[in-house]
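One structure is given here, and the rest of the page talks about it.
Bear in mind that the values in this text are calculations on the coordinates, not laboratory data. This structure is a prediction, so every number in the text was calculated from the model and none was measured. Virtual Cβ from ideal backbone geometry, glycine too; neighbours counted across all protein chains shown.
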Amino acid sequence: MFTDRAALTSRAYADHRALGARLSIYRYQVNGVDLPGLALEAMRGVRGAVLDAGCGLGTYVERLRQDRPDLDVLPLDLSAGMAPAVVADIQRLPLGDSSVQAALAMHMLYHVPDIAAAAAELRRVVVEGGVVLASTNGSDDKQEIGALWATAVEDLTGSPAQERDPDSRFTLDDGDLLSGAFSSVDVTVFERETLVPEVEPVVAFIESMRGLGEQDLPAGLAWDVFLDRVRELVQTEIERCGVFRIGNQVGMFVCR
């Protein structure tokens, strides 16, 4: 489901709303990680054209254009709903060889069916000596969300449920999927906590996953019933601890 082209261009990312709701929870992150700032630092010596593949909400595009107006930033996304300049698949980039000075693939490679092919395409379009940046989460990231999902399903069905991990196809441990295309692949990892004092931001995070997750629910379990149970579990946890804690493990690969 996480690589389903139809789902990614319709239910999951038909527009900015679901992704925006998902990312909004990080306003509660303690000592938040400024990934756009890290990308800017990694591209300090870059001049010219920069590709943002899987541009999503345009967070990196906006920051680059604000802080580096000398760069020519090209937003590209598989979903037209993200309003990119170019709608295309990272596995088949509609760009010439060595046509950009740098490229970004930020928190998106876990959606790509053939990650190694995507890395090869990024290597092809970036000039020799250029840089490719790819961010993702670690295997320990947001385990509490996976446990919350599984507990809600088990409570409602009486059967054990598998914890969901949408990022598991490409984590911070998967640099080998990039190393076949690049001479060097370095990764920086950050450990953080997101402490949410209210119920609804956590519920909104789960709701934002509906486009990719609803079909994974057991037959006969309605999404709204599942979400109500999620709400009850989060409320109980906040009453017990004062916050709903989410552990974060995030990082960025720098590939040359």
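General remarks:
- Each residue, Glu128 and Ala14, gets one label point 7 Å from its Cα in the Cβ direction; the gap between the two is 4.8 nm.
- The length gained on full extension between Asp224 and Val30, counted as 0.36 nm times the residue separation minus their Cα-Cα distance, comes to 66.8 nm.
- Helix 143-157 vs. the chain, principal-axis angle (Cα, 0 to 90°, nearest 10): 40
- Whole-Hz couplings from phi, Karplus 6.51/-1.76/1.60, listed for the range 86-93; x for Gly and Pro: 10, 9, 6, 9, 4, 6, 9, 6
- Shape category assigned to the range 152-246 from the gyration tensor of Cα positions, a/c cut at 1.5: oblate
- Each residue, Glu200 and Asp176, gets one label point 7 Å from its Cα in the Cβ direction; the gap between the two is 4.6 nm.
- Rounded to 5, the percent of DSSP beta bridges in the chain classed as antiparallel: 55
- Projected onto its three principal axes, the C-alpha set of the range 5-255 covers 55, 36, 31 Å, listed from the longest axis down.
- With R₀ set to 25 Å, the beta-carbon distance separating Cys241 from Glu41 gives a calculated FRET efficiency near 0.10.
- A cut-off under 13 angstrom between Cβ atoms defines the neighbours of Leu74, and their net charge, with Lys, Arg +1 and Asp, Glu -1, is -2.
- Taking label points 7 Å from Cα along the Cα-to-Cβ direction, Ser139 and Ser99 give a separation of 3.8 nm.
- Solvent-free Debye scattering, log10 I(q)/I(0), computed from the Cα coordinates of the range 1-137 at q = 0.12, 0.13, 0.16 Å⁻¹: -0.45, -0.53, -0.82
- Here the extension length gained between Val189 and Ala85 equals 34.4 nm, from 0.36 nm per residue of separation less the Cα-Cα distance.
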